[in-house]
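S.K.: Before I ask anything, here is the structure I am working with.
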Amino acid sequence: MISVGYKANAFTYSSLIRGFFQVGKSDKAILLWKEMAEKDCKDNEVCYSVLIHGLCKDGKLKDALMIWKHVLAKGLTPDTVAYSSMIHGLCNAGLIEQGLDLFNEMLYRLLSPVIRQLTEKYPHVTTYKIDINKGGLENALSKLNIHSVPTLHFFQDGEKASEVIGADVQRLKDTMEALYK
């Protein structure tokens, strides 16, 4: 490819990296990723997702965490595959709490833009985000019957009018439309 004047791009590298992981050559996959950086090939979320997935699948959680931090430091947003791979890797390593925290972060990143968009569409509706991992909320969570993350409650005239459990974006939009239009 290079010998005939074509330069490899991020998608080419991602395919090659994925291939090395599939045949059990994770060291070669990492070397290829480093080569990509040395050749000033612009990477993207897909490259990192492939790398994180392969490392987690190979049980190389420490390396995957290093790549994860690199992704965040670059200001990139991990995709669902990267999140799922990291969550799976953390849980397989017995780090269940960290896996759960990452799962909650993923849900928040998925819903935040939608909630922001709906807040702009319905400026008369007030929204609150509550971190259920903060201490002292057990009583309130119990009273509100919150057992899953995310749980979205909708109120009208001080009374609970509806509820959405889970990251169901369409149901969230439909509920907001039905209640507050």
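Computed from the coordinates by the stated procedures, all read-outs in this text should not be read as laboratory data. Please read these numbers as outputs of a predicted model, since none were measured by experiment. We place every Cβ from the backbone using ideal geometry, glycine too, and count neighbours over all the protein chains shown.
S.K.: Calculated FRET efficiency, His147 and Ala93, Cβ-Cβ r, R0 22 Å, to nearest 0.05? Let's see the in-between values first.
M.R.: Numbers: r = 26 Å, r/R0 = 1.19.
For His147 and Ala93, the calculated efficiency is 0.25.
S.K.: Additional query: Kindly write out, for region 15-32 in residue order, the coupling ³J(HN,Hα) from the Karplus curve 6.51 cos²θ - 1.76 cosθ + 1.60 (θ = phi - 60°), rounded to whole Hz, with x marking Gly and Pro.
M.R.: Values, residue by residue: 5, 5, 4, 4, x, 4, 5, 5, 9, x, 10, 5, 4, 5, 4, 5, 4, 5 Hz.
S.K.: Using modelled amide H (1.01 Å from N, peptide plane; none on Pro or chain starts), what sits under 5 Å from the amide H of Ala161, excluding residues fewer than 5 places away?
M.R.: Here Phe154, Phe155, Gln156 satisfy the definition.
S.K.: Can you give the Rg and Dmax of region 1-74 based on its C-alpha atoms, in angstrom?
M.R.: Gyration radius and largest Cα-Cα distance of region 1-74: 12.1, 38 Å.
S.K.: How do Ser15, Ser162 rank when sorted from fewest to most other Cβ atoms within 10 Å of their own Cβ?
M.R.: On the way: Ser15 12, Ser162 15.
Lowest to highest Cβ neighbour count: Ser15, Ser162.
S.K.: Name the chymotrypsin sites (Phe, Trp or Tyr not before Pro) in region 1-96 that are in a loop by DSSP and that have at most 14 other C-beta atoms within 10 Å, would you? Intermediate values should be presented prior to the final figure.
M.R.: Values: sites: Tyr6, Phe11, Tyr13, Phe20, Phe21, Trp33, Tyr48, Trp68, Tyr83; in loops: Tyr6.
Answer by residue number: Tyr6.
S.K.: Oh, and also: With +1 assigned to the C-beta of every Lys and Arg and -1 to the C-beta of every Asp and Glu, and no other charges, what is the dipole magnitude of the chain about the Cα centre in debye, to the nearest 20?
M.R.: Details: 22 positive and 21 negative charges, 95 e Å.
Taking the Cα centre of the chain as origin, the dipole is about 460 debye.
S.K.: What net charge is computed for the residues neighbouring Phe103, neighbours being all others with C-beta under 15 Å from the C-beta of Phe103, Lys and Arg scored +1, Asp and Glu -1? Provide the component values of the computation, followed by the final result.
M.R.: Details: positive: Arg109; negative: Asp79, Glu97, Asp101, Glu105, Asp131.
Spelling it out: positives minus negatives among the neighbours equals -4.
S.K.: Any chance you could check the Cα centroid distance between region 72-136 and region 2-56 for me, in angstrom?
M.R.: Value for the Cα centre distance between the two parts: 27 Å.
S.K.: Express the relative contact order of the chain as a whole percentage, based on alpha carbon pairs under 8 Å and six or more residues apart in sequence.
M.R.: 13 percent
S.K.: In region 34-86, which trypsin sites (Lys or Arg not before Pro) are in a loop and have at most 13 other Cβ atoms within 10 Å, using DSSP for the loop call?
M.R.: Here the trypsin sites (Lys or Arg not before Pro) that fit, given the DSSP loop and packing criteria, are Lys39, Lys42, Lys74.
S.K.: Taking the Cβ-Cβ separation of Asp40 and Thr77 as r and a Förster radius of 22 Å, what is the calculated FRET efficiency to the nearest 0.05? Display every interim value, and only then the final one.
M.R.: Numbers: r = 22 Å, r/R0 = 1.01.
Rounded to the nearest 0.05, the efficiency is 0.50.
S.K.: How long, wide and thick is the chain, going by the Cα atoms along their three principal axes, in whole angstroms, largest first?
M.R.: 70, 38, 24
S.K.: May I pose another question? Report, ordered by chain and residue number, the lysines lying within cross-link reach of Lys181, taken as a straight Cα distance under 25 Å and ignoring same-chain residues fewer than 8 apart.
M.R.: The reachable lysines, counting only those whose Cα sits under 25 Å from Lys181, are Lys121, Lys129, Lys160, Lys173.
S.K.: Taking the Cα centre of region 28-109 as origin, sum charge times position over the Cβ atoms of Lys and Arg (+1) and Asp and Glu (-1), and report the length of that vector in debye to the nearest 20.
M.R.: 160 debye
S.K.: Work out the FRET efficiency for Tyr180 and Tyr108 from their Cβ-Cβ distance, taking R0 = 30 Å, and round it to the nearest 0.05.
M.R.: Details: r = 22 Å, r/R0 = 0.72.
The formula returns an efficiency of 0.85 here.
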